[in-house]
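A short write-up of the structure that comes next.
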Amino acid sequence: MKIMPSETPSPTQQLFAAINGHWITQVVGTVARLGIADLLVGGPRDSDSLAAELGVHPGALFRLMRGGITAGLFASPSERSFALTPMGEGLRSDVPGSLRAVAIMQSDKSHWLPWGHLSEAVRTGRAPVQAALGSDIWEHFARNPDEAEHFARAMGNLSGLVASELTHHIDFAPFARVADIGGSHGDLLSQVLRAHPSCRGILFELPRVAEGAKAMLESRGLASRVDVVAGSFFEPGIPAAEAYLLKHILHDWEDDASLTLLRRIHEAAPAGARLFVLEMVIPDNRNPDPTHLMDLNMLVLTDGRERTRDEFQALFAATAWKVERIIPTRSGASIIETVKA
């Protein structure tokens, strides 16, 4: 029997695919967690040999990888043989722009379970993480160090996507000290320092994260150029610097907390200091846009939000930061350049 190629999916078929989008998330996350993309770098392999190397059930792995074809990760050049697609290459751990850690994080309990309570979040306007995880997400990470490590590595993946844009648009050479506030393991700061050898860095993070950052900076050969400072950005103690980085931090918090954070940085900053905020900006139109879904992600996870240009302007005006310019980038994040007023 000849199977004819399918026509453009009907609205019902498109809706069915959308309803079952969570299947794709777990397929991609499981492929990432097993490290399958790294094992296919040399070319196609049969699923049975991969199963033996990974120590997993061969039949189940075959079914996973067959599902990965539909997810866009693999091609099958011969029976039970699989090769990476260009999209699947993005799950390798050793390529620029890797999203392997992001895939693992998004399919971990920390991000996966709260989305099952979206209807509760819509009813109450509050993040349902307590019901989903038994605590807020930051306490969950403190109790689950493996997931915390996945989160830190995912933030590093995302930093790689924006770092080249940041160093392309912003010349940091005039700044003696660049402080990354809430900078995780220092991925973004590291790339800024590599691009600007005259700068010194400051990485400000919670104590448990700061310890892990020291080893990462050492491995990159940057430990002698970075002061790692432990603390909370809601309390006094943020170090002085001529330039500050704040990447994907404000969207974690509601307005009152964001205002407190911006005031703490303002208090620490010398006259004329600049603050570079890297965040998605909700466009001023009604067209489909990824920021709308990211905004829901922040609703279920943190009580935070993505913001429009006007909403960002209001935050900065209330904390005496003057917005100089907003630069859209190909990474999806915008660079909001502000100066201490």
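Would you give the gap between the C-alpha center of the stretch 107-168 and the C-alpha center of the stretch 323-341, rounded to a whole Å? Using only Cα atoms, the two centres lie 24 Å from each other. The modelled label-to-label distance between His292 and Ser224, using points 7 Å beyond Cα along the C-beta direction, is 5.3 nm. Per-residue 3J(HN,Hα) values for the stretch 77-94, derived from phi via the Karplus relation 6.51 cos²θ - 1.76 cosθ + 1.60 with θ = phi - 60°, read x, 7, 4, 6, 10, 9, 9, 6, 8, x, 5, x, 4, x, 8, 5, 7, 10 Hz in sequence order (x marks Gly and Pro). Calculated mean residue ellipticity, 222 nm, the chain: -14500 deg cm²/dmol, from DSSP H runs (n ≥ 4) at -39500 (n - 2.57) each, averaged per residue and rounded to 500. Summing +1 for each Lys or Arg and -1 for each Asp or Glu among the other residues whose beta-carbon sits under 11 angstrom from that of Gly125 gives 0. The accessible-area ordering, largest first, of the residues Thr302, Thr25 stands as Thr25, Thr302, per a 1.4 angstrom probe.
Among complete DSSP H helices in the chain, those whose alpha-carbon atoms stretch at least 15 Å along the helix's long axis and whose mean Kyte-Doolittle hydropathy reaches -0.5 are 21-34, 58-70, 145-169, 207-219, 255-268, 290-301. Heavy-atom accessible surface of Ser224, to the nearest 10 Å², is about 100 Å², with a 1.4 Å probe and all protein chains retained. Taken as Cα centroids, the stretch 218-265 and the stretch 10-35 sit 36 Å apart, rounded to the nearest whole angstrom.
When the Cα atoms of the chain are aligned to their principal axes, the ranges along those axes come out at 75, 47, 38 Å in descending order. Of the residues Leu99, Thr25, Ile36, the one whose Cα sits farthest toward the positive end of the charge dipole of the stretch 11-106, with +1 on the Cβ of Lys and Arg and -1 on the Cβ of Asp and Glu, is Thr25.
If packing is taken as the average count of other Cβ atoms within 10 Å, what order do 38-47, 235-244 fall into, highest mean first? Please report the intermediate quantities before stating the final value.
Details: 38-47: 14.7, 235-244: 17.7.
By packing density, highest mean first, the sequence is 235-244, 38-47.
A cut-off under 12 angstrom between Cβ atoms defines the neighbours of Pro174, and their net charge, with Lys, Arg +1 and Asp, Glu -1, is 0.
The values are calculated or read from the model by the stated rules, or taken from the named source; none is laboratory data. The structure displayed is predicted, hence computed values, not measured ones. Virtual Cβ from ideal backbone geometry, glycine too; neighbours counted across all protein chains shown. Calculation scope for accessible area: heavy atoms of the full protein, side chains included, ligands and nucleic acids excluded. Shrake-Rupley method; radii C 1.70, N 1.55, O 1.52, S 1.80 Å.
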